[in-house]
Structure formats: structure tokens, C-alpha cells
Amino acid sequence: MTTVDRDNDAPKHYVATGPYDPQSVERLTPEQERYFMAPQWRLIWWKFRRHRLAVVSGAILLAFYLSILISEFLAPYNLHTRHPDFIYAPPQGIHLFHEGEFVGPFVYGFDYRLDMEILKREYTPNTSKPYPLRFFCLGDEYRFWGAIPGRFHFVCPPEDGTFFLLGTDRLGRDMLSRLIYGARISLTIGLLGITISFILAMFFGGIAGYYGGWIDNVIQRMIEVLRSFPHLPLWMTLAAILPVNWSPLFIFLGITLILGLLEWTGLARSVRSKLLSLREEDYATAAMLLGAGPRRIIGRHLLPNFMSYLIASATLAIPGMILGETALSFLGLGLRPPITSWGVLLNEAQNINAVDLYPWLMLPVVPVIIVVLTFNFLGDGLRDAADPYYEGGN
Amino acid sequence: MIRYVIQRLLIMIPTLIAISAIVFILIQLPPGDYLDSYIAELQSQGEKVDPKKIKFLREQYGFDKPLIEQYFVWAIGMLQGDFGYSFEYGLPVTDVVGDRVFLTFLVSVTTIAFAWIVSFPIGVYSATHQYSWGDYGLTFLGFLGLATPNFLLALVLLYFANVVFGTSIGGLMDPEYIDQPWSFDKVLSVLEHLWIPVVVIGTAGTAEMIRRVRANLLDELQKQYVITARAKGLAPTKVILKYPLRVALNFFVSDVGSLLPGVISGSAIVSVVLSLPTTGPMLLESLRSQDMYLAGSFLMLLATLTVIGVLISDLALAALDPRIRLEGGITR
């Protein structure tokens, strides 16, 4: 180590002649700059994209939700079309080759026989004649979203034939079509319910977190009381209280309200705790010192900070609502026909003897599981991405 | 510790009062009281209704009194073990309920024990073998368990048991023991049937617990003291067993509080599918026939069960974790 002799070798005052560049020491690469300057939502997206499973789940859910926009077009039959000759018909498989020859997608017809011993309807595929399916065709009439009449379908049953990809129910209604229509109710009830919860959570969590003191205490106790009710029995009770003479649409709204009214507690808790902790952050203090009012602090600084987190929590709460509706309808306390949800369809599967003979009645289980699973994955990914400035963890 | 216990017990009282008030409002919500529907039913069967008898009944059950008073009569009656009168069965609610509450309790407790026993080793394995194939597989199974609604699982199991084994797995005991006094054989029979509802109801909770054990243990494993212990050359199993596991265990106990409402909810609907002699099917039945006293009692019992469960888990946590009992707070 060399020591500098202060008296003799003191360097002269030196000023560089080149133009001043404040970033000469730490120059950001373009990638770094892009990353540092990116707005929050873009960071969230980048982080979310890394979560493969969540992206795939999001895509699947998007497909599901897009499908409910055009349910009428996608379903081969109308929701209510009955086929008295094909009650409890089994699923018809799609074939491509008939007797070694390529025909394109087609189905076989049925031979029908009633087993007099156990009174089981037995259908056997009749492989003598192929019935080719029609695509982008005219079929059952419908009213698009209950308003515009139409007949155009993505796939139609063959001329003078039937196409029950997933079998039929006790009135000879096509299960696939009913599943597609059921998605509309089952999926929207989750979104509507979470909207109600979300608003309630923002309100109660917001005032509890902002005002604190006795208001906070009262709301906290209220949440505790609501949380100590087991949800399903309480839902059942509330659903049973809905007047019997209400129209199915009102029942639908009522059930949505019931689901939303009980689910907000968890969300409200996170709103409150986030508000309490964010209020103490340096940037909130800084904004306050700069003279920002409470409205601006909450709206501009606090809200964007935990909004993403809240959306992630809300996503994780949606499956609970969908399952709640399914459970209620399954028990016969929820939605009533003609409104059809997956739970209403499952109501038919309550009788184990029917399920035993005609197992395809259980099929609505499949989309329920897929939707719940994908919502969980999506919510997980969103939660990880919600705080893009937080690195590390897992 | 004693101060904490007393404090915790005192908090429970207003909670229970609030719950009972909500339940009472729910009982009162359907238009008309039970006597109205009772009279309507008698009249529809063409029977003459004696106005004197109606008046007597009305006084007997206090329907002529203001609502607040009715509430107090009901609430105080409950404290004395009188849950009101089921109009559907024409019996006091206590007689109708019978040992259903006990069986619900039995199913719930066993389910939680099951969730614990299964989720703990799996969660620990997942955390210590993070990102291994075993971890991925178990995580996926956990997600599947979480996503499958338990009543659908019950339905599917029922179907497969019927098709593959040709037996019905419903019920909680062999038919010959139903309505029999408790005996050793009956207990055995119950134990034999118990595992199916327990597995069905417990799946979601177990899956949830696995994820939390994993997350908690992972958090703990990154802490400085673990690194220090490792650096000092402690054996890997001892590093995990000695401290992080014990810290992770704390939340395990406290989580009964969040697990229990789910389990009780789940058992309500699963027992309908599997036709268990617990509170679920009877609650549904009473709701369908608008027998609101019976339904209200069930709701009240289930909520009380939950509150007590949470209380026990809080106390156990306080016993385990000195931070909580010394601060006297109920921090989670």
C-alpha cells in the first residue's frame, strides 16, 4: 500500500474537459433500462409469464369464458330439446373410418332394447351405416342470448340421425349441449359473486384499515363471527329462506348475493392489513409530507400497490363460489330449472342407482374440476406476480 | 397462561351471542311462524283446527311475545339444553338430533387427525426435496385434491365401490346397528365405515395443509439459524428436526381454526351423499320442510362446534408458543 506524501505529490485540481456524463460509472444496459423503466403492470406480466402452469390455466379459462359468449353456436342441440326416443342414450363416439374406408367424422346409430329385468334402457351402436356429422350448419333453433333468433351451429347432428357425444339425460336431452349452456351460469355466478365480495371487502376492509380504532374493532369482530360459521350450512340455510315463489332468475340473483355476502371476510382482512402496513411505508409518509391529501395517498399510492395482490386473492376465491353454487344446486337448494348450471345437472346424479346404470350423468364433474383447478393455478401465478418488485422467496 | 385462557374465553362469549342472534334472525326470516304453516298443513288435510289449541300453543312457544323476548327465551333455553321444538317431527329438537351431533363431532375430529397425520410427513418431504419429482407429483396431487369438491369425490367413490366391489359404502355403521344402543360391536362397525367419509372430507384440507407445511418450512429453512446450524456441521436430519420443524408445527396447531369450518361444511354435504347419520342430511331435510327451529339448532350447534374448535387450537398454540401467551394477544 502506498502512502501519498501530502506536501509534495498532492495532485493538482483536475477537471476533465469532456462533456459530463453522470452515468459514466453505472451505465445501464438497454435491457436493464427497459426493466427499470417498465411500468408496474408490465413487470407483473413479465413475472406472470414465467409461471408456465398459470399461463396455460389462464388460457384454458379464457377459452371457457369465451365459450359462454357463443354457447348457442357451440352446442349441437338446444338446451331444452328433448328426444323421447333416446332417453338415457349412452355417448356416441366419433369415428373416422367405416369398414376400413375413410369417411370423415361420423357416428353410428343406435339399436334400442329395454332390459325388462332391471328396466335398464340398453342402446347398442348399429355399425351398419355411418352418419356423417355436419359442420357450420343449420340445426336446432335458438335465441342468441335470449334475443336474436338463429339456427347456425358449429356442429349439427347428421340428417335423420342423432349426435350425443356425451349421452343424454332422463328426458333425452343432450348432455354436451347442457354442459355448454351450464357453463354460462356456473362461470358467471363466480364472477358476479366475487364482484359483490370485492366491493364489500374494499368497503369494510378499507374503512377498518383507514380509520382504525373502534370501527376497526367492530369490523374485525364482525368478520370473526362470520368466519366461525361453517360456510355451507349457512349457505344452505340462506338459500332455503329464498321465497319459493320467486322466478328462477331472482333465485339466481339471490344465490349469487348469498355466495358473495359470505365470502368477503378473507378479502376484507387482507385489504385491512395491507392498508395498515402500507400506510407506514416511507413513500406514503413522503407523499403526506409533500402535502398530498388522504384521497390522493390512498388512490394514487396505496391502492395500486395492493390492487394486484387483491385481484390475485379474488381469483383464488372464485372457485369457492363456483363450488358453493354447485353444492347448493346439487342439494336442490340452489338454482332451479330452467336455469341450468353444472350443479343443476349434477342434481340428476344424486340418485346413485341412476348413476350406476348411466354413469355419464356424472360428467359435469369434469368441467367443475377443470375450472376450479385452473382458477387455483392462475391465482397462484397471479399472487406470485402481484408484487413484481419482490424477488426471491420461491 | 391463566390470564390468556380467561381472556380467550371471555372473547368467545360475545362471538357466541352474535352467532345466536344471527341464527335467530335466520329462523325468523321465512314469512309467518311455524304455527301458521302447521295450521295451513292441518287445514289442507281437512282437519279441524281448534282455535283454543292454537292459542295455547302460541302461548306455550311464546309466539305472541315480541321478537326480542322470544330471542331471550330461545337463547336461555339453549343454555339449559332445550333447543326448541321440531314441528316436522313433533318432538323436542334434542330428541330428534339424538347422537347425530356426537357422530358429526366424531367424523370432524377424525378428519382433522387424518389431515394432520397425512399432511405433515408429505409436507416435510415436499419442502426438503423442493423441486424434485416427488415434490412436483405431490404438489399436483395436492392441487387435484383441493380442486375436487368433496361431494363429487364421494359420488365418484360411491359409484366405483358400487361397480367394482358391488357394495355400498354409504352409512356410518352396518344396518343392524342403527338405532341400537352403543356396544363394542357397534363401535367396531362405526370404525370400519368411518374411513371413507374421513378420506373424502379430509382430502381438500389435507391438500391445503400440505401446501402450507411446505411453504412454512421452506420459509424457515432459509433463515440464518438454519444456515448457521448447517455451517456448524449439524447432521441434515437434525438440522430440520431440531428447530424449523418445531416452528412449522406452531402454525399446524393454529390452523385447526381455519381447517375446522371447512371440515364441518364438507361433512354436511358429504354426509348427504354418503347418507351418514350425522347432522348434514337432517339439516337439509329440515331446510326443505322449512322446519326452522331444527335447522337453526343445527346451524347453532355447528357454529358452536367451530368456535370451540378454534378456541382449543388457540389454547394449544398458546401452550406451544410462549410468544403468544406472554404477549397475551391472539396474534396469528
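The values are calculated or read from the model by the stated rules, or taken from the named source; none is laboratory data. Model, not experiment: these values are computed from the prediction. Positions of Cβ are backbone-derived with ideal geometry, glycine not excepted, and every protein chain shown enters the neighbour counts. Ligands, DNA and RNA are excluded from the accessible area calculation, which covers all protein heavy atoms including side chains. Shrake-Rupley method; radii C 1.70, N 1.55, O 1.52, S 1.80 Å.
Is it fair to say B:Trp182 is surrounded by 13 or more Cβ atoms within 10 Å (Cβ to Cβ) and either modelled with pLDDT of 75 or more or more than 12 Å from chain A (Cβ to nearest Cβ) (or both)? Against the criterion (surrounded by 13 or more Cβ atoms within 10 Å (Cβ to Cβ) and either modelled with pLDDT of 75 or more or more than 12 Å from chain A (Cβ to nearest Cβ) (or both)), B:Trp182 does not qualify.
Kindly indicate the residue of the range B:119-158 that is in contact with an Asp or Glu (Cβ under 7 Å, 6 or more places away or on another chain) and open to solvent by less than 50 Å² (accessible area, probe 1.4 Å) and also farthest from B:Ser275 (Cα to Cα) among those meeting that condition. Lay out the reasoning, then the answer.
First, the residues of the range B:119-158 that are in contact with an Asp or Glu (Cβ under 7 Å, 6 or more places away or on another chain): B:126, B:129, B:146.
Okay, now just the ones that are also open to solvent by less than 50 Å² (accessible area, probe 1.4 Å), so B:126, B:146.
On the way: B:Ser126: 36, B:Leu146: 23 Å.
My answer is B:Ser126.
Pairs meeting the criteria (first residue in the range A:29-40 and open to solvent by 100 Å² or more (accessible area, probe 1.4 Å), second residue of a type in the set (A, V, I, L, M, F, W, C) and modelled with pLDDT under 75, beta carbons under 7 Å, at least 6 apart or on different chains) are A:Phe36/A:Leu28. Residues being closer than 24 Å to A:Ala239 by Cα, facing chain B (nearest Cβ under 7 Å) and crowded, with 24+ Cβ neighbours inside 10 Å are represented in the range A:341-358 by at least one member. So, in the range B:82-118, of the ones that are closer than 26 Å to B:Gly262 by Cα and part of a loop (DSSP other than H, G, I, E, B), which residue ends up most open to solvent (accessible area, probe 1.4 Å)? Among residues in the range B:82-118 that are closer than 26 Å to B:Gly262 by Cα and part of a loop (DSSP other than H, G, I, E, B), the one most open to solvent (accessible area, probe 1.4 Å) is B:Asp99.
This table checks each residue for (1) part of a helix (DSSP H, G or I); (2) in contact (Cβ under 8 Å) with a residue 60 or more places away in the chain; (3) more than 17 Å from A:Leu187 (Cα to Cα).
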| site | (1), (2), (3) |
| --- | --- |
| A:Ile322 | yes, yes, no |
| A:Glu325 | yes, yes, no |
| A:Leu333 | no, yes, yes |
| A:Leu345 | yes, yes, no |
| A:Val372 | yes, no, no |
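Out of curiosity, is A:Leu361 open to solvent by less than 40 Å² (accessible area, probe 1.4 Å), more than 24 Å from B:Leu283 (Cβ to Cβ) and not basic (Lys, Arg)? So A:Leu361 passes the test.
Conditions: (1) on the phi < 0 side of the Ramachandran plot; (2) not basic (Lys, Arg); (3) not assigned by TED's automatic domain parsing to the domain that holds B:Glu208. B:Val163 meets all but one. Number of the miss? Result: B:Val163 fails condition (3) only.
Residues checked against (1) under 19 Å from B:Gly77 (Cβ atoms); (2) facing chain A (nearest Cβ under 10 Å):
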residue: B:Ser265; (1), (2): no, yes
residue: B:Arg288; (1), (2): no, yes
residue: B:Leu299; (1), (2): yes, yes
residue: B:Ile312; (1), (2): no, no
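Screening the candidates A:Ser177, A:Ser186 for the property of being within 14 Å of chain B (Cβ to nearest Cβ), hydroxyl-bearing (Ser, Thr, Tyr) and touching a residue at least 24 places away in the same chain (Cβ under 8 Å) yields one hit, A:Ser186.
Looking at the structure I just gave you, is B:Val272 modelled with pLDDT of 80 or more and either aromatic (Phe, Trp, Tyr) or open to solvent by 10 Å² or more (accessible area, probe 1.4 Å) (or both)?
Working: modelled with pLDDT of 80 or more: yes; either aromatic (Phe, Trp, Tyr) or open to solvent by 10 Å² or more (accessible area, probe 1.4 Å) (or both): yes.
So B:Val272 fits the description; yes.
With a requirement of 2 or more residues that are closer than 30 Å to B:Gly205 by Cα and within 13 Å of another protein chain (Cβ to nearest Cβ), the helices (runs of 4 or more DSSP H) lying completely within the range A:215-301 that satisfy it span A:231-241, A:248-279.
Cβ separations smaller than 7 Å between residues 6+ apart or across chains give the following pairs from the range B:227-248 residues that are in the same structural domain as B:Ile122 (by TED's automatic domain parsing) to residues that are among the charged types (D, E, K, R): B:Val239/B:Arg230; B:Pro244/B:Glu220; B:Val247/B:Glu220; B:Ala248/B:Glu220.
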